[in-house]
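What follows draws every value from the coordinates through simple rules; no lab data is involved. This one's a predicted model, so the numbers in the text were calculated from it and none came from an experiment. Positions of Cβ are generated from backbone atoms using ideal geometry, with glycine treated the same way; all protein chains shown enter the neighbour counts.
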Amino acid sequence: MQGEDDAELTAAVLAAQDGDETAFRHVYRSVHPRLLGYVRTLVGDLDAEDVASEAWLQIARDLDRFSGDADRFRGWAARIARNRALDHIRMRGRRPAIGGDETELTGRPADADTAGEAMESLATDAALALIAQLPQDQAEAVVLRVVVGLDAKSAAETLGKRPGAVRTAAHRGLKRLAELMGADDAARRRGLGAVPPQPDPHDRAAPSTPSCVTHSRTRTQKDM
């Protein structure tokens, strides 16, 4: 259950702040996949891992300054990741398109309920390929609310906007995604190519904590 997961993450963050490396690895495994999805929304597939690694180095270095529960930690981590991504974008000069495979979204009914069906589909990494077609404000709102799992207030703090504006952007983005899913399904029914079965991303092994992150966390504790 979400409440149990949040309580576990909150406890792990507190333990990691006390120097528990095992707890920090738990925090990383719990947060990284969704945080990486958010970074992919901003910088694209090719650079996402590097930008996310830079974010985790800062998270490890500044963890002692954080105060709050699991939801606040996810928001704090997302703000750090967003800043690292925006720095990267400024260096590159533009927001790249997101690559990826959209085939996991086929087979959805064209008249699917707007938010419900879209939110279920966004559990897959492949959904980020469709999010790339949204305006950036909608794309970020959708990923923060649905993929990262932030509430409207935390997402608004991350983006520097009002919660109402984030809710509106997320609603419009989800509505557009439902339309894109319907169009994708219609194209499949017209015989534009068979869709091979796709692996369930939830079956993947949990990501291991990069050594550079854990080493940075160890140094941070020793330097205190």
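If all Cα-Cα distances of segment 17-68 are sorted into 5 Å bins from 0 onward, what percent lands in each bin, rounded to whole numbers?
5, 19, 26, 25, 14, 8, 3
With +1 assigned to the C-beta of every Lys and Arg and -1 to the C-beta of every Asp and Glu, and no other charges, what is the dipole magnitude of segment 7-56 about the Cα centre in debye, to the nearest 20?
Details: 4 positive and 9 negative charges, 43 e Å.
Charge dipole of segment 7-56: 200 debye, to the nearest 20.
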